[in-house]
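Below you'll find the structure, written out as structure tokens, and then a few comments.
The values are calculated or read from the model by the stated rules, or taken from the named source; none is laboratory data. From a predicted model like this one, the values you see are computed outputs, not experimental measurements. Virtual Cβ from ideal backbone geometry, glycine too; neighbours counted across all protein chains shown. Calculation scope for accessible area: heavy atoms of the full protein, side chains included, ligands and nucleic acids excluded. Shrake-Rupley method; radii C 1.70, N 1.55, O 1.52, S 1.80 Å.
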Amino acid sequence: MSVNTFGHLFRVTTWGESHGPALGATVDGCPPGVRLEAGTIQPCLDRRRPGQSRFTTQRREADAVEILSGTYEGRTTGTPIQLMIRNTDQRSKDYSEIAETFRPGHADITYFQKYGLRDPRGGGRSSARETAARVAAGGVARAVLAELAPGLTVQGYLVQMGTRGIDRTRFDPAEIDRNPFWCPDAETAEAWAADLDALRKAGNSVGAVIEVVARGVPAGLGAPIYAKLDTELAAAMMSINAVKGVEIGAGFAAAALTGVENADEIAMGEDGPVYGSNHAGGILGGIATGQDVVVRFAVKPTSSILTPRASITRAGAATEVVTKGRHDPCVGIRAAPVGEAMMACVLLDAFLRHRGQTGAPTNA
């Protein structure tokens, strides 16, 4: 069994490989009557698209999305939506030297151990290129949320690259779209640029931490125990290629807090409950509180590097691996739009299930 689908009522199946003719997503469970055209989704893909700065892979892909089914005259019909993104700038010959070799830190060896074969061209399904399909599906989810929960917004940004994190006293939301790192701290973005230039010249890579915040999330989304909103968000973020850790709200830092410090005090405001803090990340008992939903995920350093690393061949012989080709020195740079897409898909799925169970779109 190969699991390529996530979601319950709003279901997304991604398909395709890094160096295949195309990749994409099949979206099922989208409500009918939602305004949706390729131009609705394209801005999301443009933000993730490779080759936009010297800090990302120089693979040149337009990432132009095509809607093959599920719409009529610019509106969804309630039937499956087929999204396709053609690959136009593959250079599979870059991988000919590693066809019989396992790259350290990559999924080459585990794919081979599981299936007895693998697609060496760019990593196949394990490539970060697969995330383009998720972003396209996230564009559909955003379009639906814009009509069902018009006050809901989702925004992702980098908060750490390597050992250097942002200074939250300089946090400027307007800065996020002004630099190639989706960084809300202009000073740290400049430092990251220098750090990455040095890493690229050294044939090395580095990891990153991305924060995704959803504002205007209706209270009541999610369910206790096995369908917790934070459980599904964690699973969604963890499913992104190269992600090795996820936290909600204060996350691991909560372990260093006392109960007095961690408890988000509650008062009654004019429009309902208000909270004195948000260590819970907008979720209590698996159910949204109405506060901002805050998720962070850690992305490991890109495994494809020019620095030689010891490994083995498919026959078990010792060898050294140098991965040629076009790769991100920090794959986390383009992960912010991917995190946004996964957040949007999970929230829409939770919204539809909540509406189906309670008969109401939200609860105060």
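Quick notes on this structure:
- Criterion (more than 29 Å from W192 (Cβ to Cβ), modelled with pLDDT of 90 or more and open to solvent by 50 Å² or more (accessible area, probe 1.4 Å)) met by exactly one of G272, G290, G259, G286: G259
- The criterion of being aromatic (F, W, Y) and open to solvent by less than 10 Å² (accessible area, probe 1.4 Å) holds for W192.
- In segment 197-215, the residues that are within 20 Å of the chain's Cα centre (by Cα) and either open to solvent by less than 20 Å² (accessible area, probe 1.4 Å) or closer than 25 Å to G138 by Cα (or both): S205, G207, A208, V209, I210, E211, V212, V213, A214, R215
- Residue list for segment 321-339, restricted to those being open to solvent by 30 Å² or more (accessible area, probe 1.4 Å) and either at pLDDT 90 or above or of a type in the set (G, A, S) (or both): G325
- Just so you know, in segment 307-334 the residues that are among the small types (G, A, S) and in contact with a Gly (Cβ under 8 Å, 6 or more places away or on another chain) include one that is farthest from T153 (Cα to Cα), and it is G325.
- One residue from I240, I266 being at pLDDT 95 or above and more than 30 Å from G359 (Cα to Cα): I240
- Per the conditions (1) over 30 Å from D271 (Cβ atoms); (2) surrounded by 20 or more Cβ atoms within 10 Å (Cβ to Cβ); (3) out of contact with any Asp or Glu (no Cβ under 7 Å at 6 or more places or on another chain), the sole criterion not satisfied by E232 is (1).
- Pair list, Cβ < 8 Å and 6+ apart or interchain, from segment 254-274 residues that are closer than 22 Å to A288 by Cβ to residues that are part of a loop (DSSP other than H, G, I, E, B) and at pLDDT below 95: G272/A364
- Residues that are among the polar types (S, T, N, Q), open to solvent by 20 Å² or more (accessible area, probe 1.4 Å) and assigned to a loop (DSSP other than H, G, I, E, B) were ranked within segment 1-38; the one that is nearest to M237 (Cα to Cα) is N4.
- Subset of segment 126-167 (residues that are within 12 Å of the chain's Cα centre (by Cα) and of a type in the set (S, T, N, Q)): T131, Q155
- If you filter segment 101-136 down to residues that are assigned to a loop (DSSP other than H, G, I, E, B), touching a Gly at 6+ places or on another chain (Cβ under 9 Å) and of a type in the set (G, A, S), you find that the one that is modelled with the lowest pLDDT is G122.
- Filter pass, T302 being closer than 30 Å to N179 by Cβ and either in contact with a His (Cβ under 9 Å, 6 or more places away or on another chain) or surrounded by fewer than 23 Cβ atoms within 10 Å (Cβ to Cβ) (or both): yes
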